[in-house]
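*Asks:* Before I ask anything, here is the structure I am working with.
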Amino acid sequence: PMTLARILDADDERFTAVFVELIRAHQIGLLHSELTALEFVNAIEELNGESPGENWFEIIEWYGQTDLEPPPGFTRWKGQMLSLIDPRFANFLQGNHPSTIRVEEIQWGGVPVDGSPALDRPAMLPADEAAYLDPENVVFGIELNGEARAYPRRILDWHEMANDVVGDVPVSLAYCTLCGAAVAFDGRASDGNTYDFGSSGFLFRSNKLMYDRQTNTLWNQLTGEPVLGELVDSDIQLDVLPVVLTTWEEWRTLHPRTLVVDIETGFNRDYRPGAAYGDYFAYEDTMFPVWQRSDLLQAKDQIYALRINDVPKAYPIGTLAEEKVVNDELGGEAIVLVAPGEIIQIDGESLRIGEVTYDAGSAVRAYARGEHTFELGPDEGTLLDETAQSWRITEEALIGPDGEELERLGGHLAYWFGWYAFFPNTSIYGN
């Protein structure tokens with residue numbers, strides 16, 4: 001009480017960030033103090049001359065809209081406090097490392113470091129041996145240099161990261177269940193080093209922060225950029241690789257020689273569809289606070305996200321599923337998006353609430369289109385150009401009648417709130 005009174009007497013707004021952390025620490029049982037969470041809420045109100053809200057969720061969203069800064073030593077102090085949950089948290093939050101994000105907005109996601117354990121070079125099965133998969137099960141599909149692999153979503157829901165090698169390319173498939181985005185990164189970074197990743201247990205605006213195992217730097221899962229740690233000032237970035245979300249039946253039909261993750265992962269998990277996050281997928285709002293929002297779409301509307309030459313754009317999945325083929329321009333490049341199928345719906349069973357139904361997305365692929373304009377051909381694997389010439393849809397390129405190739409682009413699905421939280425300057429197709 002005496003320290004709190006001294007801070008209030010000094011009228012030091014920087015301690016707002018400290019009080020926010022102490023409110024959260026009260027909430028999750030880290031702090032045992034004679035001061036109540038309400039007293040910290042009242043202190044924030046006194047320091048700032050306005051009410052931040054009545055609970056931690058509201059207070060975080062209020063704080064995000066301010067230009068407040070924390071006191072010196074805040075990052076290390078926060079790391080030390082959160083190390084009471086997992087000592088490894090202190091390795092990420094060190095005061096001597098640069099950051100491109102507000103450390104005050106980093107939140108504990110409810111699990112320790114690697115609480116969602118990455119699958120490292122997971123055991124694979126040939127398609128005809130994957131008896132555990134039903135035709136309608138959803139998979140993330142990647143093909144590189146002629147090698148196809150499928151990562152079932154019902155397995156990735158529990159692991160949120162797969163570090164693998166596909167077609168001799170080191171790949172990290174980083175999946176954020178909270179923002180609905182699975183992004184495939186080439187582990188060969190722009191600095192010439194190869195990185196693999198785990199899940200830090202931290203969130204930023206309800207998006208998971210992954211970390212590289214080589215330096216313990218925290219990275220933005222959506223952008224493939226380091227945000228806190230020794231790599232922040234290095235201008236390093238990861239290339240985004242193409243990945244498609246589709247049904248096992250479609251993927252296997254297109255890629256009969258595909259390999260798929262073995263359900264015997266070495267971890268004891270309930271890999272039924274929806275078991276891990278089905279209730280969240282079916283729920284309309286976020287689990288953690290996100291202050292930077294837009295009501296142009298519903299928070300958890302699914303979009304296909306593209307960023308070309310640093311220009312972001314969101315393509316609503318419902319619109320893509322209706323139009324099937326979209327010829328567009330983005331970042332000065334002519335592109336085409338193809339979504340020949342319907343929106344995939346999952347009937348699952350959440351461990352928390354029982355039976356659930358939710359949308360999984362759609363089998364969207366994006367390509368450069370050069371000087372061509374396309375429409376859907378006589379089947380879902382073919383496009384027709386402006387002269388009615390047939391082009392074959394593949395995972396790596398559109399292939400024309402004379403062998404001309406138009407490259408596949410690295411895009412991914414996401415919830416609208418997750419994309420907008422990091423790219424508020426994004427445009428929306430059709431809006």
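The values are calculated or read from the model by the stated rules, or taken from the named source; none is laboratory data. For clarity, every value in this text was computed on a predicted model and none was experimentally measured. Cβ sites come from the backbone with ideal geometry, for glycine too, and all protein chains shown count toward neighbours. Surface accessibility is based on the protein's heavy atoms, side chains included, excluding ligands, DNA and RNA. Shrake-Rupley method; radii C 1.70, N 1.55, O 1.52, S 1.80 Å.
*Asks:* Grab the beta carbon distance between D120 and S190, set R0 = 25 Å, and tell me the FRET efficiency rounded to 0.05.
*Replies:* It comes to 0.60.
*Asks:* Is the stretch 239-328 best put as rounded, prolate or oblate by its Cα gyration tensor, with a ≥ b ≥ c the root eigenvalues, rounded for a/c under 1.5, and otherwise prolate when a/b is larger than b/c, oblate when not? Could the numbers behind the result be given before it?
*Replies:* On the way: a/c = 1.94, a/b = 1.22, b/c = 1.59.
Because a/c hits 1.5 or more and a/b fails to exceed b/c, the stretch 239-328 counts as oblate.
*Asks:* Mind giving me the FRET efficiency for Q237 and E349? R0 is 45 Å, r the Cβ-Cβ distance, nearest 0.05 is fine.
*Replies:* Values: r = 39 Å, r/R0 = 0.88.
The calculated FRET efficiency here is 0.70.
*Asks:* Could the peptides 87-96, 253-262, 174-183 be put in order, highest first, of the mean number of other beta-carbon atoms found within 10 Å of their residues?
*Replies:* Values: 87-96: 16.7, 253-262: 18.2, 174-183: 24.2.
Those peptides, ordered most packed to least, come out 174-183, 253-262, 87-96.
*Asks:* While we're looking at this one, here's another question. Residue separation times 0.36 nm, minus the C-alpha to C-alpha distance between A5 and E61: what's the value? Intermediate values should be presented prior to the final figure.
*Replies:* Details: separation 56, 0.36 × 56 = 20.16 nm, distance 2.56 nm.
Length gained, A5 through E61: 17.6 nm.
*Asks:* Kindly provide the helix-only [θ] at 222 nm of the chain, computed as the sum of -39,500 (n - 2.57) over DSSP H runs of four or more divided by all residues, to the nearest 500 deg cm²/dmol?
*Replies:* Calculated mean residue ellipticity at 222 nm is -5500 deg cm²/dmol.
*Asks:* Take the alpha carbon atoms of the stretch 361-400, find their radius of gyration, then divide it by 2.2 N^0.38 Å using N residues; give the quotient.
*Replies:* The value comes to 1.10.
*Asks:* Taking only C-alpha pairs under 8 Å that are 6+ residues apart, what is the relative contact order of the stretch 84-176 in percent?
*Replies:* 24 percent
*Asks:* Another question, if that's okay. So what is the accessible area of the chain per residue, in Å², with the probe set to 1.4 Å?
*Replies:* I get 43 Å² per residue for the chain.
*Asks:* Enumerate by residue number the GluC sites (Glu not before Pro) in the stretch 221-269 meeting two conditions: DSSP loop (anything except H, G, I, E, B), and at most 11 other Cβ atoms within 10 Å of the site's Cβ. Don't skip to the end; give the middle numbers.
*Replies:* Values: sites: E230, E249, E250, E264; in loops: E230, E264.
Within the stretch 221-269, the qualifying GluC sites (Glu not before Pro) (loop, at most 11 other Cβ atoms within 10 Å) are E264.
*Asks:* How much of the accessible area of the chain, probe 1.4 Å, is carbon plus sulfur, in whole percent? Before the final figure, lay out the partial values.
*Replies:* On the way: 8200 of 18410 Å².
Carbon and sulfur atoms account for 45 percent of the accessible area of the chain.
*Asks:* Answer rounded, prolate or oblate for the stretch 277-431, using the Cα gyration tensor with square roots of eigenvalues a ≥ b ≥ c: rounded when a/c is under 1.5, else prolate when a/b is larger than b/c, else oblate.
*Replies:* oblate
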